[in-house]
Structures are given as structure tokens and as C-alpha cells.
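Enquirer: Provided herewith is a single structure, encoded as C-alpha cells, for subsequent inquiry.
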Amino acid sequence: MLAVVAAATWRYDVLDRWLEPGRPADPAAVAPPSELDLPAVVAAPAVAEEAVGAGPVAAAAVRRAIRPNLADGDLGRHVLAAVGPLDGAGVLVRSGSGASLAIPASTTKIVTSVAALLAMDPATRFTTRVVDAGPRGIVLVGGGDPFLASEPVDPDGGPAWPERADVTTLARATADALVAAGRTRVRVGYDTSLFSGPEVSPRWRADYVPDGVVSPITALWVDEGRPAEGFGRVEDPALTAATVFAGVLSRRGVEVVGVPREQVAPDGAAELASVTSAPLSQVVEQVLVVSDNEAAEVLLRHVGLATEGTGSFAAGRRGVVRLLGEAGVDLGRSVFWDGSGLSRENRVEPAALLDLLRLAASDDHPELRPVLTGLPVAGFTGSLTDRFDTGAREGRGRVRAKTGTLTGVTSLAGIATDRDGRSMVFAMLADRVRVEDTLEARDAMDAAAAALGACRCG
């Protein structure tokens, strides 16, 4: 059949050449039919000036660009900033008062993402499995897939991005395997043992989980622990995932005895079915572009597994410090208690964020490139889609940055390219913002970053 199609394709191609030997190869060069009255093609104007790269970044120019907005009173009494060249080292301009540490909020996700990509191959996928647990039982085994869904995700008829595995597809494949083996009645267990230690960080505010700010972190959940309807988070994400799985089994002709119960899968158990996550590179990009707290915490657990064989908060933290140190990043007195930045006890030196961004851009570490491609574009994508509507308009599109927001905290860290093509890394943090000034403080910080994109910093 393939040969016939190939031959037919070749014949049509040859026939076209015979009939129209002088036909232009470029479709744009083909004249429109005579019956159409079309306007002349006009070249679209450039959306931005061409970046030509005009020498090194000048500290005085950078200082003039950012100083007015960082002096905005809405940012509060403790504002730290650092700017340096992307190609190079050190801090070119430093601004701030008091101690050199500040609460990073979600800029912490840059730290976690870099460590995850140092710990694992960007193509790594996380597998959710169903295994045989004897003649009467099966076990749903969590593999730490942060984006495991309850059912197939098919937005507007196209593929999801990042790719999403789901327990409905997994349950259907499991049911088919069971029925084929003559088994139509089973008990369902679920295994979350890949991750260990507390599911809730002791360094988080006590009301975060009860109020639905973040889910308990587990190796098995669906929809990141969010309910099928309404807001907040479910009380037991792993049980919810297993219950969805069991319900699909029942609808596919497999009777489920009782309710799903937590258990560890037997060693060496035969696999009945499995689904795999998006590659790590896509997970990292999504974590950064939308500032996904749950997925960032799952990545921290995977760092712990990759470095110590233990998927806990503590092992993940130790793994981050070790990996970044081995890569030459000086964290100084920075300390990170979680992977998402929800902890108000995290502290960062702005210069450490600069070094992390440079490492991600280094030719020596192409595996870290998803950290840069995942940074939201000012005024266009992710958590910056509806921002940068104040300040210098030339900064929109010239800044890519990770946002950070907690009560009383606003932060921004990323890369800015000025109007002449000079690229800079920057980190800006304010952690004593009055609640009533939250939006104004965010605008002031956005304007400072936009000024880097709008300036001619030579």
C-alpha cells in the first residue's frame, strides 16, 4: 500500500511538472486568479528595533534606569536588587538597605527547577503503574507525576501541553488486562511510598492546607489535589485518585470490592498497565510559567530521590544545596525550606539568583535551557500576561522573569535585553510591603524591570 501511495505521489508530481514546467517554486510568487481583486502585499512593520549588541553593560546606565522605581514607597522599607551581565560574573549594580537577604517567594522555583534538571535528564518521565497483588487484588502505584489528571485532557480538540497522563486511561487499560485474564472482581490498593516524610512542610503557615492554598504533597494524586468541582484542595489526594481509578474500573465491567485502601505494592509484582508523564523539561517550563506550587514541591521530592534515594522535603533540600554547589553556584547565606517558595522562612541573596540564571544560560549546561524558556514573557505569557501595563512600554517582550508573591512580599527575577541587545540578569525583592500597597508595589517592581528592557544601558 505504501508503495502504491508513493508511486501515485510521484506520478502526480511528474504530471504537474509536465503541465506547468515554468511554475514558480515559491507559492507567494503565484499570481492570484484574475477574478480576484486583492490589495498589494505590504511588508509588516517591525515589532521592535533590531538588537545589534553594542558593547558591555554600563553600571551607571543601569542604576539610572532602575533607581526611580525601586525608590517607590509602595515597595516598603526593605528592597533588594541586583543586576549583572548575562555573559560574565558578579553583580554590576546592587541596591538595597539592611541585610542582604530577603524572602524570595516563588522565585524559589528557579532554584528548584535548576536543581531538578541537574539531578535528572530533561527527558525523564514519571510512571504511574498498576500491579498485580495476587488473585484478589491490584495496586495503583504513584510515580510522582505532578500533572496526573483524572481524565483525558483534550483542550479544544488538540493535544494538551504539557502532556498529561490520566487515571481514566490507566483504569481502562487495567480493566482490559484483567478481563482478558478472566478476572472481573478485585480489591484496589494504592501505594504512595515513593515519597516519604511529612506531606505538609512544617515551614508553611498552618492554614495553607486547610484553606486550600496547597495540597498535601504525595506521589499519587489527580489534578494536583483539586476537586472535580469548586475550589480549594481535597483532603486526601491519593485516596481521591484511587477512588476515581476504581470508579472507571467498575464502569468497564470490573467489580471493585470495598473501598480503595493504602498499601505498599508487593516486591516484583507484575505490571498490568502504566501511563507516563510529560518529560521533565516540560514540567519545569510549566512550573515556571504559571508558578505551580504543587508541581514544584513534587520536583523537590524527585531531587531527593535522585540524590539520596529518599523522596522527602529534607532530602530534597539537601540535594538542592549539593547539586548547586557542585555546579559552582554560591548560595551564600541563602536558605530554602521548600521547593515552591510558600515558606516565609526562605531567604535568598539576590546575587545567588543571578548566578542560577547565568548557569541556566551557560553553553556548558544545555540541559538547563527549560529554565529560561519557562520564564514568563513580560506582558505576554504565564504569570506576566496581565502585567507590565505600566512603566516603559519598550520593556514588554524584552523581559522574561519569574514572579514571586506572598502577603507582604513581591519579587521578580529573570533576564532583560535592552534596546541595543545587551542582556542582563536581575533579581528584585521587597518583603515588607504593606498589604494595601500590594498591587502598587508589584507595578513599581515591574516598571523597574521594564526600564532595563527599555534602556540603552551602554
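The values are calculated or read from the model by the stated rules, or taken from the named source; none is laboratory data. A quick note: this is a predicted structure, and the numbers were derived from the prediction, not measured. Here the Cβ is made from the backbone with ideal geometry for all residues, glycine too, and neighbour counts use every protein chain on show. Note: accessible area is taken over every heavy atom of the protein model, side chains too, but ligands, DNA and RNA are not part of it. Shrake-Rupley method; radii C 1.70, N 1.55, O 1.52, S 1.80 Å.
Enquirer: Which ones in the range 281-293 are in a helix (DSSP H, G or I) and charged (D, E, K, R)?
Expert: We begin by selecting, within the range 281-293, every residue in a helix (DSSP H, G or I); these are 281-290, 293.
Once the filter is applied, which keeps residues that are in a helix (DSSP H, G or I) and charged (D, E, K, R), the range 281-293 yields only Glu285.
Enquirer: Condition first: in a loop (DSSP other than H, G, I, E, B), free of Cβ contacts under 8 Å to residues at least 40 places away in the same chain and at negative phi. Now tell me which residues in the range 93-117 satisfy that.
Expert: Narrowing the range 93-117 to residues in a loop (DSSP other than H, G, I, E, B): 97-101, 103-104.
Now restrict to residues that are free of Cβ contacts under 8 Å to residues at least 40 places away in the same chain: 97-99.
Ser97, Ala99, listed by residue number.
Enquirer: On to the next question. Looking at Thr403 and the list (1) open to solvent by 40 Å² or more (accessible area, probe 1.4 Å); (2) at pLDDT 95 or above; (3) of a type in the set (S, T, N, Q), which single condition is not satisfied?
Expert: Status for Thr403: all satisfied but (1).
Enquirer: Hey, can you tell me all the residues within the range 294-325 that are open to solvent by 10 Å² or more (accessible area, probe 1.4 Å), of a type outside the set (S, T, N, Q) and either in contact with a Lys or Arg (Cβ under 7 Å, 6 or more places away or on another chain) or free of Cβ contacts under 8 Å to residues at least 40 places away in the same chain (or both)?
Expert: Within the range 294-325, Glu308, Gly309, Arg317, Arg318, Val321, Arg322, Gly325 meet the criteria.
Enquirer: Please go through the range 392-403 and give me each residue that is farther than 21 Å from Val91 by Cα and either of a type in the set (Phe, Trp, Tyr) or touching a residue at least 60 places away in the same chain (Cβ under 8 Å) (or both), ordered by number.
Expert: Ala392, Arg393, Glu394, Gly397
Enquirer: Pull up the range 67-79, narrow it to residues that are open to solvent by 10 Å² or more (accessible area, probe 1.4 Å) and among the hydrophobic types (A, V, I, L, M, F, W, C), then point me to the one that is nearest to Asp355 (Cα to Cα).
Expert: Out of the qualifying residues, it is Val79.
Enquirer: Restricting attention to the range 145-161, and to residues there that are at pLDDT below 80 and acidic (Asp, Glu), which single residue is most open to solvent (accessible area, probe 1.4 Å)?
Expert: Asp156
Enquirer: Quick check on the range 417-435: of everything there that is aliphatic (A, V, I, L, M) and touching a residue at least 40 places away in the same chain (Cβ under 8 Å), which residue is most open to solvent (accessible area, probe 1.4 Å)?
Expert: Going residue by residue through the range 417-435, those that are aliphatic (A, V, I, L, M) are 424-425, 427-430, 433, 435.
The next check asks that each one be touching a residue at least 40 places away in the same chain (Cβ under 8 Å); those that pass are 424-425, 427-430, 433.
On the way: Met424: 0, Val425: 0, Ala427: 0, Met428: 1, Leu429: 1, Ala430: 0, Val433: 16 Å².
In this case the residue turns out to be Val433.
Enquirer: Is there any pair with a first residue in the range 164-176 that is basic (Lys, Arg) and a second that is in a helix (DSSP H, G or I) whose Cβ atoms are under 8 Å apart and which are 6 or more apart or on different chains, and what are they?
Expert: The qualifying pairs are Arg172/Val248.
Enquirer: How about the range 112-136: which of its residues are open to solvent by less than 10 Å² (accessible area, probe 1.4 Å), within 23 Å of Arg261 (Cα to Cα) and not hydrophobic (A, V, I, L, M, F, W, C)?
Expert: Of everything in the range 112-136, just one residue is open to solvent by less than 10 Å² (accessible area, probe 1.4 Å), within 23 Å of Arg261 (Cα to Cα) and not hydrophobic (A, V, I, L, M, F, W, C), namely Thr128.
Enquirer: Being part of a loop (DSSP other than H, G, I, E, B), closer than 30 Å to Gly408 by Cα and not β-branched (Val, Ile, Thr) is the requirement here; does Pro146 meet it?
Expert: So Pro146 fits the description; yes.
Enquirer: Looking at the range 256-264, is at least one residue open to solvent by 10 Å² or more (accessible area, probe 1.4 Å), among the β-branched types (Val, Ile, Thr) and in a strand (DSSP E or B)?
Expert: So far as the range 256-264 goes, yes, one or more of its residues are open to solvent by 10 Å² or more (accessible area, probe 1.4 Å), among the β-branched types (Val, Ile, Thr) and in a strand (DSSP E or B).
Enquirer: Find the residue count for the range 162-199, including only residues that are of a type in the set (S, T, N, Q), under 18 Å from Thr276 (Cβ atoms) and surrounded by fewer than 21 Cβ atoms within 10 Å (Cβ to Cβ).
Expert: Of the residues in the range 162-199, 2 are of a type in the set (S, T, N, Q), under 18 Å from Thr276 (Cβ atoms) and surrounded by fewer than 21 Cβ atoms within 10 Å (Cβ to Cβ).
Enquirer: Which condition does Pro227 not pass, out of (1) open to solvent by 60 Å² or more (accessible area, probe 1.4 Å); (2) touching a Lys or Arg at 6+ places or on another chain (Cβ under 9 Å); (3) without any contact (Cβ under 8 Å) to a residue 40 or more places away in the chain; (4) not basic (Lys, Arg), if it passes all the others?
Expert: Unmet condition: (1).
Enquirer: Moving to a separate point now. Helices (runs of 4 or more DSSP H) wholly in the range 294-398 with at least 3 residues that are among the basic types (Lys, Arg) - which ones?
Expert: The helices (runs of 4 or more DSSP H) meeting that bar are 313-326.
Enquirer: Tell me which residues, restricted to the range 359-394, are over 15 Å from the mean Cα position of the chain (by Cα), farther than 25 Å from Ala447 by Cα and of a type in the set (A, V, I, L, M, F, W, C).
Expert: Correct list: Leu359 only.
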